[in-house]
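Undergrad: One structure, pasted below without further comment.
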Amino acid sequence: MKKRILLIGAFDTKGEEYAYVRDLIAERGHRTLLVDSGIFQSAALRPDIPSSKVAEAGGFSLEKMREKGDRGKAVDAMITGVQKLVPKLYSDGEFDAVLALGGGAGTNIATAGMRELPVGVPKLMVSTHASSDVSTYVDVKDITMMYPVADIAGLNPVTRRILSNAAGAICGMAEQHYVETEQKPLIAASMFGVTTPCVTEVRRLLEKAGYEVMAFHATGTGGRAMEALIEDDYFAGVADITTTEWCDEVAGGVLTAGPDRLGAAGRKGIPQVVSCGALDMVNFLTPDTIPDKFKSRTFYKHNPTVTLMRTSPEECGEIGKRIAEKLNQSSGPVVLMIPLKGVSAIDKKGEPFFDPKANNSLFDALHKHTNSSVKVLELDLHINDPEFAEAVAEELLQLF
């Protein structure tokens, strides 16, 4: 079955490369839809959607941008246009997959549109920035980044081979036939290594009850990915056991998921059971990366590249307050479950992060700041006790 591949790029300087990719896609029996994101020169390759239309989609005039000559503002304008245009084209059934080539500006423009597409739509970015930190471009979407080795500036033996691979990759992804298995209600769950026993048992119990569980590693991007999929209506409910990303948001660690963590489920009104998993720890990288103001704190070497810092009573109080305020905003049913004997594998008697004073500050703040819409349950258990997992699963099943 013929597929249509969306090609995004500045055809003023890269017409030759895009014509090469277009022809390779045609050889596979597929069609292309060319979107020009170039700004200051006329397109060398005739697009289906010219850059003037991209600018208009974002509320800008290409002619005026050319007159002003401000490259930075022009790139921002094209980003806005692509963000508006690409999802509209997809919802109209105009393409099945998207491919782009580019340097810094081209990568920013094209991936801005890719991030507006649903998870599962094939997305491939051939970028000269793909060998560096690509988190800005990928964010929490399934964007595949490919490094072209040489700059994308004309055809040569290296770029021909790379572009051939790119064309083959995007065609293969578009051609891939995905067979849906039996649809079961899907539940999101958050986990960390130090809460794995709890989440594993909760998953077993929920799957036994006829649900399917998708777990997210609470590493900042994991929490944001879970929030994004909740917004996209993937889940019937949430077992948000590991809310540790709030520690990094409050104390300044490296794995924050941002201030909207715990927001999506509340806005969607879906059932959620929330707990205190790993609220005893703030994440840093190697010890030399830890800010000097924290040098006197309690640390634990989780692995060679991750150093954990025990949250203080003051931080725990603020974390509890912020979590409670988020849960108060929920339009659906919420149960907050507090494990009184510890919130992680290293927060129990004899372990390095055992600190009843800090935990009491956390638990007191949760009680103080939650309103009557949130059901709060205290259990005289550790978070990784099987009985606690059973209680989490039971509460979520009752909400359904």
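The values are calculated or read from the model by the stated rules, or taken from the named source; none is laboratory data. None of the values given here were measured: they were computed from a predicted structure. Please note: Cβ atoms are built from the backbone with ideal geometry, for glycine as well, and neighbour counts cover all protein chains shown. Each accessible area value is taken on the protein alone, full model and side chains, heavy atoms only, with ligands, DNA and RNA left out. Shrake-Rupley method; radii C 1.70, N 1.55, O 1.52, S 1.80 Å.
Undergrad: Sorted by packing (mean other beta-carbon atoms within 10 Å per residue), highest first, where do 119-129, 99-109 land?
TA: Working: 119-129: 21.3, 99-109: 22.9.
Result, highest mean first: 99-109, 119-129.
Undergrad: Another question about this same structure. Pick out, from THR144, ALA169, ALA130, the residue whose Cα sits farthest towards the positive end of the charge dipole of the stretch 123-169, with +1 on the Cβ of Lys and Arg and -1 on the Cβ of Asp and Glu.
TA: Positive-most Cα among the choices belongs to ALA169.
Undergrad: In the calculated pair distance distribution of the stretch 1-142, what percentage of Cα-Cα distances lie above 19 Å? Numbers along the way, then the final one.
TA: On the way: 4703 of 10011 pairs.
Roughly 47 percent, rounded to a whole number.
Undergrad: With springs only between Cα atoms under 10 Å apart, run a GNM on the chain and tell me which of ALA153, ALA236, ALA188 wobbles the most.
TA: Looking only at ALA153, ALA236, ALA188, the biggest GNM fluctuation is shown by ALA153.
Undergrad: Excluding same-chain pairs closer than 8 in sequence, count the lysine pairs in the stretch 1-97 whose Cα atoms lie under 24 Å apart.
TA: Lysine pair count for the stretch 1-97: 20.
Undergrad: Moving on. Give the distance, in whole Å, between the Cα centre of the stretch 4-73 and the Cα centre of the stretch 226-301.
TA: First find each Cα centre; the distance between them is then 40 Å.
Undergrad: Another question, if that's okay. Which of (i) 1.14; (ii) 1.27; (iii) 1.07 is the computed Cα Rg over 2.2 N^0.38 Å for the structure on display?
TA: (i)
Undergrad: Quick one: among ASP347, ASP36, ASP292, which has the greatest mean-square fluctuation in a GNM of the chain with alpha-carbon springs under 10 angstrom?
TA: Fluctuation is largest for ASP292.
Undergrad: Working out 0.36 nm times the residue gap between SER164 and HIS367, then minus their Cα-Cα distance, what length gain in nm do you get to one decimal? Could the numbers behind the result be given before it?
TA: On the way: separation 203, 0.36 × 203 = 73.08 nm, distance 5.94 nm.
Roughly 67.1 nm would be gained on extension.
Undergrad: Using a probe of 1.4 angstrom, how much of the accessible area of the stretch 1-146 is carbon and sulfur, in percent?
TA: On the way: 3030 of 6570 Å².
Of all accessible area on the stretch 1-146, carbon and sulfur atoms account for 46 percent.
Undergrad: Here's a follow-up. On a 27 Å Cα-Cα criterion, which of the cross-link pairs LYS208/LYS348; LYS141/LYS208; LYS268/LYS368 come out too long? Intermediate results must be reported in sequence, preceding the final value.
TA: Working: LYS208/LYS348 30 Å; LYS141/LYS208 30 Å; LYS268/LYS368 25 Å.
Beyond 27 Å: LYS208/LYS348; LYS141/LYS208.
Undergrad: Moving on to the next point. From the helices alone, meaning DSSP H stretches of at least four residues, give me the mean residue ellipticity at 222 nm for the chain, per-run term -39500 (n - 2.57), in deg cm²/dmol to the nearest 500.
TA: On the way: 14 runs with 166 residues, N = 400.
Taking each H run of at least 4 residues, the total per residue is -13000 deg cm²/dmol.
Undergrad: Further question: Just to confirm my numbers, what's the Cα centroid distance between the stretch 332-376 and the stretch 302-320 in Å?
TA: One Cα centre to the other: 14 Å.
Undergrad: What is the extension gain from GLU387 to HIS302, computed as 0.36 nm multiplied by their sequence separation minus the C-alpha to C-alpha distance, in nm to one decimal? List each step's numbers first, then the result.
TA: Values: separation 85, 0.36 × 85 = 30.60 nm, distance 2.63 nm.
Difference between extended and current length: 28.0 nm.
Undergrad: Here's something else I'd like to know. Between VAL199, VAL238, VAL250, where does the largest GNM mean-square fluctuation fall for the chain, given springs only between Cα atoms within less than 10 Å?
TA: The residue that fluctuates most here is VAL250.
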